[in-house]
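Report on one structure; see the data block that follows.
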Amino acid sequence: EPEEKKIALELLETEQAYVNRLHLLDQIFYTELMKEAKTGKTVPEEVVKMIFSNISSIYQFHAKFFLPELQKRMEDWSCNPRVGDVIQKLAPFLKMYGEYIKNFDKAVELITVWSEKSPPFQELIADIQKRKVCANLTLQHHMLEPVQRIPRYELLLKDYVRKLPPESPDRDDAEKALEMIFMVAKHSNAAIAEMERLQNLWVVYQRLGLEDDIVDPSNELIKEGPIQKISTRNNSTSEKYLFLFNNMLLYCVPKVIHVGAEFQVHLRIDVDGMKVRELNDTQFPHTFLVSGKQRTLELQASSPTDPLEEEGHQLIHLPFCTRSEEEMNAWIKVPLRAGREELGRRAPQWVRDNLVTMCMRCKEPFNAITRRRHHCRACGYVVCARCSDYKAELQYDNNRLNRVCQECYVFLTGHVVPEEREGKHKGILEKEAAEVSGRSLLCSSLQLLDKNGKGGTRGWFVIPQDDPLVLYIYAAPQDVRAHTSIPLLGYQVRDLPQGDSRHVFQLAQSRQVYTFVADTEELKRRWMRTM
């Protein structure tokens, strides 16, 4: 048999098996569950419809159109050896898969939720799963088949085109069909990505209390995680939480009682105009400054990174821990700007009280009674009452009058200060800029199962870039010490079937086996590749 015919026969055989699977989903699972739903004893009819989406349309198309066309073509192969034109007819109809794929995760979630809520629903599914036609596989496993079918078409067709002789009459049609299937697969992948983005975004909005000025489906969450806020007054730190979107940074406080929301938004800084720079601080290492138009935050991260400059931009890596699988290595791109910020237009960084013992203008020493510390609202310096006995309008505070030091007063208002009020010393304290970040090959939340595979502990797993042969396990993302480490050399990485909707893989060496559960299939694949 010619190689291209073998592949065409494989296409036919897999299509016959696929139609059988679609028949199981539509004519058995869907039909029987809907029949019971109409009695009102299991689940609402709408739930069943949402679980199976447009599976009936997909089944009818493959059973009544594509499979018969393919069978007829293979019967006539000796006089008409081609399938490219048939697949070209198929390709436009495959766009109907977008709806099914978008709905897939929600469908699996509905099965789980209603299996707990409705024992009759769970029993009916279990009863069908015991039948010979199910081959000891779960409903969720069978439902995954349509999601995987389009990539399967693409692989078979690539192989078919590669094996076609140059003079084959099917070459032009097959190549065009492959291009069409590729575009459908791209459309399908885009649907999956958009579905995941919207689902993740909605979860974040719920954690933030669904505030009207924040909820926007066009936003993209880039990064989130806990961070330490440094107080300029009492020289202490307190844990806050940051959410970085494509258009804004939300500075939040975790709620003690999680009723309605997990966090309270204290400040929103628009990314447009936001600046980030490192601070050289021996007392609080790995600190950096986030400066918005209305407020400046001094934050402490867990570890530094090397500076990086690219095409006139400064890349600042915010090394705070994250919940999602890939955010740890995200970068914020901040344009480099020449010169210092214009006074009054942007909230300054306040110099911390404990870092100075004398007025930063007149150089007289502070004391608790006659010379107390004050902050200039324009430059952020710590100054005495005499040197800050001035008021000026500040643009970042809606042009309200604020307490400022003498030098800022002269600069902002243009007024001349009488000689007897001038201080002995003048000068502007200059601060150098740098970058901070933490690096890892991969880090995310995973579950490590116990030996019987039923229970286990969830933790934060990290493979450092500077120590890539060891997997470190932390109890939580912000812990400073790992409770377990696993040397990766010598271990084999094993993929396990997704039998119960869990994304499971293993590290195995001799008799030692570690079993992990990832939150998503994509995250599982990334861990397997990295290991």
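Worth a mention:
- Search result, residues across region 107-132 that are outside any helix (DSSP H, G or I) and surrounded by 12 or more Cβ atoms within 10 Å (Cβ to Cβ): SER118
- Test set (1) in contact (Cβ under 8 Å) with a residue 12 or more places away in the chain; (2) exposed (fewer than 15 other Cβ atoms within 10 Å of the Cβ); (3) over 14 Å from the mean Cα position of the chain (by Cα) - SER236 fails condition number: (1)
Condition check ((1) surrounded by 14 or more Cβ atoms within 10 Å (Cβ to Cβ); (2) assigned to a strand (DSSP E or B); (3) touching a strand residue (DSSP E or B) at 6+ places or on another chain (Cβ under 6 Å); (4) at pLDDT 90 or above) across all residues:
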{"residue": "VAL462", "(1), (2), (3), (4)": "yes, yes, yes, no"}
{"residue": "TYR472", "(1), (2), (3), (4)": "yes, yes, yes, no"}
{"residue": "SER501", "(1), (2), (3), (4)": "yes, no, no, no"}
{"residue": "MET528", "(1), (2), (3), (4)": "yes, no, yes, yes"}
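- GLU327 falls short of the stated requirement of being surrounded by fewer than 19 Cβ atoms within 10 Å (Cβ to Cβ), at pLDDT below 80 and outside the structural domain of ARG526 (by the TED database).
- Condition check for ASP216: open to solvent by 20 Å² or more (accessible area, probe 1.4 Å), in a helix (DSSP H, G or I) and among the charged types (D, E, K, R): no
Listed here are the residues, each with its yes/no results for (1) modelled with pLDDT under 90; (2) open to solvent by less than 40 Å² (accessible area, probe 1.4 Å); (3) farther than 15 Å from ARG526 by Cα.
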site	(1), (2), (3)
ALA475	yes, no, yes
ALA482	yes, yes, yes
ILE486	yes, yes, yes
GLY490	yes, no, yes
VAL504	no, yes, no
LEU507	no, yes, no
GLN512	yes, no, yes
THR515	no, yes, yes
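- For region 26-52, filtering for residues that are over 16 Å from LEU110 (Cα atoms) and either among the aromatic types (Phe, Trp, Tyr) or open to solvent by less than 60 Å² (accessible area, probe 1.4 Å) (or both) leaves 3.
- Out of LEU250, LEU210, LEU244, LEU198, sole residue that is out of contact with any His (no Cβ under 7 Å at 6 or more places or on another chain) and part of a helix (DSSP H, G or I): LEU198
- Scanning region 386-402 for residues being closer than 19 Å to GLN349 by Cα and either surrounded by fewer than 19 Cβ atoms within 10 Å (Cβ to Cβ) or of a type in the set (S, T, N, Q) (or both) gives a total of 10.
- Residue match in region 26-35 (condition: β-branched (Val, Ile, Thr) and free of Cβ contacts under 8 Å to residues at least 12 places away in the same chain): yes
- Test: ILE257 is on the phi < 0 side of the Ramachandran plot, of a type in the set (Val, Ile, Thr), open to solvent by 70 Å² or more (accessible area, probe 1.4 Å) and not assigned by the TED database to the domain that holds TRP460: yes
- TYR18 meets each of the listed conditions (1) open to solvent by 60 Å² or more (accessible area, probe 1.4 Å); (2) within 26 Å of SER78 (Cβ to Cβ) apart from (1).
The values are calculated or read from the model by the stated rules, or taken from the named source; none is laboratory data. Since we're looking at a predicted model, the values are computed, not measured. We place every Cβ from the backbone using ideal geometry, glycine too, and count neighbours over all the protein chains shown. Heads up: the accessible areas ignore ligands, DNA and RNA and are worked out on the full protein's heavy atoms, side chains in. Shrake-Rupley method; radii C 1.70, N 1.55, O 1.52, S 1.80 Å.
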